[in-house]
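These notes concern the structure reproduced below.
What follows is calculated from the coordinates using simple rules that are stated; it is not laboratory data. As the structure is a computational prediction, the values presented were derived from the model and not from experiment. Note that we place each Cβ from the backbone using ideal geometry, even for glycine, and neighbour counts take in every protein chain shown.
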Amino acid sequence: MRPLKLALVLTALVSFIIQTGCATPPVRPAPAAPGIVTTHGRLHTAGNRIVGADGQPVSLAGVSYGWSQWEAARFYNASAVNWLQQDWHAAIIRAPLGVHEEDGYLQHPARNLARVTRVIDAAITADLYVLIDWHDHQAHLHQEQAVAFFSDMARRYGKYPHIIYEIFNEPKTGLTWARDVKPYAEKVIAAIRAIDPANLIVVGNPNWSQDVDVVAADPIKDPNVAYTLHFYAGTHKGNLRAKAVKALDLGVALFVTEWGTCDASGNGPIDDASTREWLTFMREHQLSHCNWAIYDKKETAAIVRRSAASEGHWLESDLTPSGKYARELIRNWSSAGR
C-alpha cells in the first residue's frame, strides 16, 4: 500500500475509534484512603481503654518531637509532619512545648508557641492525631501559665477531633499525686472543659510518669481522662509493667506518650529484648504510643542525624539506629491504626 493511502486509512481508523467511544479511557488515580482521624473520629475513654467514635479500642503508633526550644526546633514545620505521615505512616504526632528549661516557653513564649502551633496545624491538615504536650517536670509551679496556655489551645483547636491535651509531661521524683499533681491537673482540666468538653486529656504522674498504680487508686473525676505511662527499655522492665497492669485492673486508661529504645538518660545501647517485651505488652493492652524523639543531638534516643533535612525527606543514612527501629515499627504497627 502506498504511504499516502496508508496514512489516510490510519487517520480514518483513529477518527472512528474516538467517535464510537472505543478509545482506551484515561487512567484515573484511585481515591485517597481516609486519614486516621477520619477513620476513628474523636477519641475517648471507655473503662480502661481508649476508643474511637465507634466504641472500638484504638492503638495508635507515632512519634514525639523533642523539646521545642533545642535541637528539635528546626523540625517543627509542616513538611516534616507530612513526611512522618506519608513515609513513616505515623498516626499520631506529639508536640512538646518546652516550658521550664532555658529558652523555653516561660522565657520565650512567642517563638515556642509558634513552633508548636505549626505542628498542630500541620497534623490537623494531614488528618493525624496530635498531642499538645506541656513539657514540664514542675508544672505545679506554673499552674497559672498552664491554665492560660490550655485555655488558648482549647479555644483555637477544641472543635477538632484530632486534639489530645497532655497537661503535665513528667512530674519529677519527690512530687506526690495528692499534694502536687492532682490539684494542678484538676485546675487545668476545669479550664479546658469550660471551652472543650469533649477531647481526650492525658495526665502525667509522679516519678517521671511511672506511678500509674498510685493515680489509678485516686483518679480524677472526669469521664475522658487517661494517664501517662513513660518507659525507656534499657531502664524500665517488668516491675513497671506490673504497675501498669495494676492501674489497668483498677479501671483507668493508659497512654504511652513517650518511650525510648535505650536507657532513661537517652543514651546507652538499644535494648532490643526489653523493647520487644514492651511492644508485646502495648499490643496486648491496646496502648497508643509515641517514640522519643525527633531531634539531632548525638545520643541514642535521637531519631535523626545532623545530616537530616529540617523538612523531612530523610534518607536511611539520615536516621540513627533508633530512628530506623522506630520507623519500621510505626510503619508496621497496624494498617488500620488499631
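What is the helix-to-structure angle for 238-249, meaning the angle in degrees between its Cα long axis and the longest Cα principal axis of the chain, kept from 0 to 90 and rounded to the nearest 10?
It works out to around 90 degrees.
Roughly what would the spin-label model give for His313 and Ala242, points 7 Å off Cα along C-beta, in nm?
Distance between the two pseudo-spin positions: 5.1 nm.
Would you kindly state how much longer the chain becomes between Ser79 and Asp54 on full extension, computed as 0.36 nm times their sequence separation minus their alpha carbon distance, in nm to one decimal?
5.9 nm
Below 18 Å, Cα to Cα, which lysines can Lys243 reach? Residues fewer than 8 away in the same chain don't count.
Within reach: Lys172.
Based on the mean of other Cβ atoms within 10 Å per residue, sort peptides 47-57, 121-131, 211-221 so the most packed one is first.
In descending order of packing, they fall as 121-131, 211-221, 47-57.
Treating only the Cβ of Lys, Arg, Asp and Glu as charged (+1, +1, -1, -1), what charge dipole size does segment 42-331 show about its Cα centre? Round to the nearest 20 debye.
The calculated dipole for segment 42-331 is roughly 300 debye.
Work out from phi, with θ = phi - 60° and the Karplus expression 6.51 cos²θ - 1.76 cosθ + 1.60, the ³J(HN,Hα) of each residue of segment 85-91, listed in order in whole Hz, and give x for Gly and Pro.
So the Karplus estimates, Gly and Pro as x, are 6, 7, 8, 7, 6, 5, 9 Hz.
Using semi-axes √(5λ) of the Cα gyration tensor in Å as the read-out, say which of (1) 27, 24, 21; (2) 44, 22, 21; (3) 71, 21, 18 was calculated from these coordinates.
Derived directly from the coordinates: (2).
Once the Cβ-Cβ distance between Arg306 and Asp152 is put in as r, and R0 is 41 Å, what FRET efficiency do you end up with, to the nearest 0.05?
Calculated transfer efficiency: 0.75.
Could you name the aspartates and glutamates whose alpha carbon sits less than 14 Å from that of Lys298, not counting residues in the same chain fewer than 8 places away?
Of all the aspartates and glutamates, those that pass the test against Lys298 - Cα under 14 Å, at least 8 places apart if same chain - are Glu71, Asp318.
Using only Cα atoms and rounding to the nearest 10 degrees, what angle (0 to 90) does helix 321-331 make with the longest principal axis of the chain?
It is inclined by approximately 70 degrees.
With the cut-off at 19 Å, tell me which of the pairs Lys182/Lys221; Lys187/Lys221; Lys237/Lys297 have Cα atoms farther apart than that.
Long pairs (Cα-Cα over 19 Å): Lys237/Lys297.
Which percentage, to the nearest 5, of the DSSP beta bridges contained in segment 203-321 is antiparallel?
Among the beta bridges of segment 203-321, antiparallel pairing accounts for roughly 10 percent.
Using θ = phi - 60° and the Karplus curve 6.51 cos²θ - 1.76 cosθ + 1.60, what whole-Hz ³J(HN,Hα) does each residue of segment 262-267 get, with Gly and Pro shown as x?
With the stated coefficients, segment 262-267 comes to 10, 8, 5, 6, x, 10 Hz.
Can you tell me how much longer the chain between Leu113 and Tyr160 gets when fully stretched, taken as 0.36 nm per residue apart minus their C-alpha distance, in nm with one decimal?
That works out to 15.1 nm of additional length.
Grab the DSSP H runs of the chain that are 4 residues or longer, score each as -39,500 (n - 2.57), total them, divide by all residues and round the 222 nm result to the nearest 500 deg cm²/dmol.
Here the helix-only value at 222 nm equals -11000 deg cm²/dmol.
For segment 80-116 and segment 194-258, what is the separation of their Cα centres, given in Å?
Value for the Cα centre distance between the two parts: 22 Å.
Using the 10 angstrom Cβ neighbour count as an exposure proxy, how do Ile195, Ile167, Ile120 rank, fewest first?
Ascending Cβ contact count within 10 Å gives the list Ile195, Ile120, Ile167.
Between Ala190 and Lys297, what FRET efficiency follows from the Cβ-Cβ distance if R0 is 41 Å, with the result rounded to 0.05?
The computed FRET efficiency comes out at 0.65.
Please figure out what share of the DSSP beta bridges in segment 38-192 is antiparallel and state it in percent, rounded to the nearest 5.
20
Run the reach check for Lys324 against aspartates and glutamates, Cα to Cα strictly under 18 Å, same-chain hits fewer than 8 apart removed. What comes back?
Asp87, Glu258, Asp263, Asp271, Asp272, Asp296, Glu299, Glu311, Glu316
Taking every DSSP beta bridge with both residues inside segment 42-331, roughly what % is antiparallel (nearest 5)?
Among the beta bridges of segment 42-331, antiparallel pairing accounts for roughly 15 percent.
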